[in-house]
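Structure first, commentary second.
The values are calculated or read from the model by the stated rules, or taken from the named source; none is laboratory data. Bear in mind that the values here come from a model prediction, so they are computed numbers and not experimental data. Please note that ligands, DNA and RNA were not included when accessible areas were found on the heavy atoms of the full protein model with its side chains. Shrake-Rupley method; radii C 1.70, N 1.55, O 1.52, S 1.80 Å.
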Amino acid sequence: MNAPLGGIWLWLPLLLTWLSPEVSSSWWYMRATGGSSRVMCDNVPGLVSRQRQLCHRNPDVMRAIGLGVAEWTAECQHQFRQHRWNCNTLDRDHSLFGRVLLRSSRESAFVYAISSAGVVFAVTRACSQGELKSCSCDPKKKGSSRDNKGTFDWGGCSDNIDYGIKFTRAFVDAKEKQGKDARALMNLHNNRAGRKAVKRFLKQECKCHGVSGSCTLRTCWLAMADFRKTGSMGTAGRVCNLTSRGMDSCEVMCCGRGYDTSRITRMTKCECKFHWCCAVRCQDCLEALDVHTCKAPKSADWAAPT
């Protein structure tokens with residue numbers, strides 16, 4: 001018994017040493033502060049050389065990312081507000097979200113996805129607001145186009161989501177690309193999922209021009225949805241468990257959209273009796289029960305971009 005136990009204690013410190021930098025040293029520690037970006041770039045622990053290069057070359061983008069970190073962290077806490085783990089960011093903790101992210105889990109997958117989405121959202125928004133030297137509104141949205149309502153002209157300021165995704169991929173993925181193990185590949189996958197979610201929920205907004213508000217001419221642009229809509233629209237109509245606290249719960253599965261309740265009746269076997277030697281005979285009974293299904297997204301919030 002001594003040998004196996006000794007082996008466990010021998011390997012455990014090595015295992016924790018290998019895992020801890022993965023979550024305790026990260027760009028997640030970036031915060032929007034009044035100090036210079038160079039000070040921030042040099043003092044955030046765990047940045048790889050490629051990330052430090054981008055940090056030094058793009059101080060305005062780093063300020064936007066710093067704001068984004070605060071926003072996606074708050075959103076993570078909102079999403080998990082009724083769970084035992086709620087994206088804890090206590091200063092006394094050695095890692096940003098506690099030891100729950102030391103292992104591959106649903107929570108760690110969510111954090112990687114929402115953090116990547118948060119950077120895309122923050123950088124893209126800063127582009128549209130003219131806060132960055134390296135980008136502005138989407139330059140490809142020019143001229144005329146058509147949708148199911150007819151012809152319109154591109155105008156206003158379409159969010160430059162492609163720039164936001166490109167910069168996020170270069171900055172956020174840099175550390176994971178140095179790894180070749182399964183955890184690094186999983187993190188890259190979740191980073192990519194977060195980026196895709198922001199682009200997927202772009203919506204077309206339009207303004208009508210004409211006499212008395214008529215739409216003889218429309219000007220349209222693409223805008224990002226509210227950050228809280230990185231949830232999945234694929235759960236609409238799914239049956240959820242009202243009493244569960246797990247992944248099948250109505251709170252988790254419905255992504256905060258709520259649920260509908262309907263009463264159904266079904267035929268079940270009841271009053272079953274065993275008859276010697278080898279038969280079980282039951283009666284047919286009608287059973288009434290409540291079924292809870294996730295609400296669908298509001299159509300206005302999910303308008304498909306063209």
- For Asp181, Asp226, the accessible-area ranking with a 1.4 Å probe, largest leading, is Asp226, Asp181
- Item | Set Lys141/Lys203; Lys140/Lys166; Lys133/Lys177; Lys149/Lys295 screened for pairs whose C-alpha atoms are more than 21 Å apart | Lys133/Lys177; Lys149/Lys295
- Item | Cα gyration tensor shape of the stretch 138-275, rounded if a/c is under 1.5, else prolate or oblate by comparing a/b with b/c | oblate
- Applying the gyration tensor rule to the Cα atoms of the stretch 103-159 (axes a ≥ b ≥ c; rounded if a/c under 1.5, else prolate if a/b exceeds b/c, else oblate), the class is oblate
- Message: How much accessible area per residue does the stretch 135-212 have, counting only protein heavy atoms and a probe of 1.4 Å, in square angstrom?
- Response: 55
- Any chance you could look up the accessible area of Ile264 with a 1.4 Å probe, heavy atoms only, rounded to 10 Å²? 70
- List Glu271, Glu107, Glu75, ordered by accessible area with a 1.4 Å probe, largest first: Glu271, Glu107, Glu75
